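Student: For reference, the structure I am asking about is given below.
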Amino acid sequence: MSATYDPNNIFAKILKGEIPSVKLYEDADVVAFMDVMPQAPGHLLVIPRQGSRNLLDADPAVLAKLMPVVQKLALAAKEAFEADGIYVAQFNEPAAGQTVFHLHFHVIPRHDGQPLKPHSGGMEDIEVLKVNAEKIKACL
Ligand code: AMP
C-alpha cells in the first residue's frame, strides 16, 4: 500500500510561507519557484497548491490546471537561458528518485553537449537563484 500525503512536507511549508523560496509565478492553483539544488542554471519547480504525494494520487482536475503552467515556465526558461531544449521531469516514490513528497515538475534548461549536474547535488547561492529567477520572470 502507498504512503499517504504528509501536509508538513517541505513544499507544503513553502506554500504556507513557513520557509522561504525564490518564487517565479503563482496563481490560485499553482506555484513555481527555483530549485535550490539546480541541475543546470534556471532549474525550476512547478507545484499545485493542492496536496498530493505525486502524479499517482493527484486529482486530474489539478493536473489540468498545472500543465499549462509547466508549459508557460518551460517556454520562459527556454527563452531566458537561450536553451537548446527543456527537460521536464517528475518522479513518483523513492524507487523512481522522488525525495520530496508533494507533486512537482522539474523544468530544466538544456544546452547541447552540456551534462546535467547530479539530482539533489549542491546548494546554489541564493543570489544566483534570484538573478536566474529575474531572467525567467522577464520572459513570462
Ligand atoms: P524530487 O527528487 O523529484 O522529489 O526532487 C526534489 C527537488 O526539490 C530536488 O531537485 C531538490 O533540489 C529540491 N528542493 C529540496 N528542498 C527545496 C527547497 N526548500 N526549495 C527549493 N527546492 C528544493
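Computed from the coordinates by the stated procedures, all read-outs in this text should not be read as laboratory data. These numbers come from a predicted model, not from an experiment. Note that each Cβ is placed from the backbone with ideal geometry, even for glycine, and that neighbours are counted across all protein chains shown.
Student: Compute the label zone of residue 87 within the stretch 32-60: residues whose backbone N is under 15 Å from the point 7 Å along Cα-to-Cβ.
Tutor: Answer for this model: 35-45.
Student: On to the next question. Can you give me the Cα centroid spacing of the stretch 39-75 and the stretch 82-135 in angstrom?
Tutor: What the calculation gives is 13 Å, centre to centre.
Student: Across the chain, how many lysine pairs, 8 or more positions apart or on different chains, have C-alpha atoms separated by under 13 Å? Please give the number.
Tutor: On the way: 23/130; 23/135; 23/137; 72/137; 78/135; 78/137.
Number of lysine pairs found: 6.
Student: Taking 0.36 nm per residue of sequence separation and subtracting the Cα-Cα distance, how much length would be gained by fully extending the chain between residue 71 and residue 16, in nm to one decimal? Write down the numbers at each step before the final one.
Tutor: On the way: separation 55, 0.36 × 55 = 19.80 nm, distance 2.45 nm.
Using 0.36 nm per residue and subtracting the Cα-Cα distance, I get 17.4 nm.
Student: Okay, next question. Any idea what angle helix 60-80 forms with the longest principal axis of the chain, computed on alpha-carbon atoms, 0 to 90 degrees, nearest 10?
Tutor: So the inclination is approximately 10 degrees.
Student: Please determine, in degrees from 0 to 90 and to the nearest 10, the orientation of helix 126-137 with respect to the longest principal axis defined by the Cα atoms of the chain, where the helix direction is its Cα long axis.
Tutor: So the helix axis and the longest Cα principal axis differ by about 90 degrees.
Student: If each DSSP helix of 4+ residues adds -39,500 (n - 2.57) and the sum is divided by the residues in the chain, what number results at 222 nm, nearest 500 deg cm²/dmol?
Tutor: Details: 3 runs with 39 residues, N = 140.
Dividing the helical sum by the residues of the chain leaves -9000 deg cm²/dmol.
Student: Zone of residue 63 (label point 7 Å along Cα→Cβ, backbone N under 20 Å): which residues in the stretch 1-33?
Tutor: Of the residues in the stretch 1-33, 2-6, 29-32 have backbone N under 20 Å from the label point off residue 63.
Student: Hey, another quick one. Got a sec? How would 79, 124 order by Cβ neighbour count within 10 Å, fewest to most?
Tutor: On the way: 79 15, 124 18.
In order of increasing Cβ crowding within 10 Å: 79, 124.
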